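Step one of this worksheet: look at the structure below.
The values are calculated or read from the model by the stated rules, or taken from the named source; none is laboratory data. Computed from a predicted structure; not experimentally measured. Here the Cβ positions follow ideal geometry from the backbone for every residue, glycine too, while neighbour counts run over all protein chains shown.
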Amino acid sequence: MANHVSNRPQNIHTWVASELGSRIVSGYYAPGEYIPNEITICEELEVSRTSLREAFKVLTAKGLIESRPKLGTRIRERRYWNMFDPVILGWFSESKPSPEFYTSLYEIRAVFEPAAAELAAKKCTPEQLEQIKECYYKMENAELGTDEIYTTDIDFHMAILDGTNNEFMVSLGGSIQSALLQVFRVSSNFADDFTESLPGHKAIYTAIEAGDSEGAKAAMTSLLSTSQETVNKNVDSRKN
């Protein structure tokens, strides 16, 4: 594991938590394993034991590790990890997630995003509808080959969540925004894929505009299915 001591910020324990958290989610430290003893890590990262212990507190709160008396600090099984924690999702996004990660993310998206589109068609205000419209046309006008092709995509989906006027929906979307950004970056990796996704996005917007809740739900379901196929294809191409 590369040591990035020269790049660390002023807040040392946050940096240490990020370094160790990234190792955990990437599988460098596997669930069930014990982290090397404190002296070894402190020497490797060139930090104090106080900073390391503060970092351990952060990772414990996120469900990643647990301290076992006389044994050390162990990586917890993945089912205990707080997968809606934006910081954990950020670590995943930076660690070249596995195909299984993307599959799990699309499974949860398939649960709430079609419902969000349905709700937005019923409940969004004229101002929120205008925002969804604006986000869609920004997608249409995004410059291919730039960050705009995925930042405009995520803005469109977040505008729909906002249009539900359901604080739980909005919060859920905000929680997984880091992972969604990674997904959109992958799914928009090729200009043709991004261009081909535009009619699906427009179908969602026009259904919401028409107050067609069932149509909006169906259009979102279709878009997610196509998007997942695109992500799987692009992930496989990166592996080859």
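Restricting attention to the stretch 58-83, the residues that are in contact (Cβ under 8 Å) with a residue 24 or more places away in the chain and either among the small types (Gly, Ala, Ser) or assigned to a helix (DSSP H, G or I) (or both) add up to 4.
When we screen ARG53, ARG23 for residues that are under 22 Å from PRO97 (Cα atoms) and among the basic types (Lys, Arg), the only hit is ARG23.
Over 20 Å from SER227 (Cβ atoms) and in a helix (DSSP H, G or I) - does that describe any residue in the stretch 144-157? No, the stretch 144-157 has no match at all. Cβ-Cβ contacts under 7 Å between residues 6 or more apart (or on different chains), taken from a first residue in the stretch 1-27 that is within 12 Å of LEU45 (Cβ to Cβ) and in a helix (DSSP H, G or I) to a second residue that is of a type in the set (A, V, I, L, M) and at pLDDT below 55, are listed as ARG23/MET1.
Which of the residues that make up the stretch 100-117 are modelled with pLDDT under 95 and not acidic (Asp, Glu)? Of everything in the stretch 100-117, those that are modelled with pLDDT under 95 and not acidic (Asp, Glu) turn out to be PHE101, TYR102, THR103, SER104, LEU105, TYR106, ILE108, ARG109, ALA110, VAL111, PHE112. For LYS70, state whether it is in the same structural domain as LEU181 (by TED's automatic domain parsing) and at positive phi. Against the criterion (in the same structural domain as LEU181 (by TED's automatic domain parsing) and at positive phi), LYS70 does not qualify. Here GLU214 fulfils each of the conditions (1) of a type outside the set (S, T, N, Q); (2) surrounded by fewer than 15 Cβ atoms within 10 Å (Cβ to Cβ); (3) more than 18 Å from GLU113 (Cβ to Cβ) apart from (3). Counting only residues that are within 19 Å of GLN228 (Cβ to Cβ) and part of a helix (DSSP H, G or I), the stretch 84-127 holds 22 of them. Applying the condition of being within 12 Å of the chain's Cα centre (by Cα) and aliphatic (A, V, I, L, M) to the stretch 88-120 and asking which residue is nearest to ALA207 (Cα to Cα) yields ILE108.
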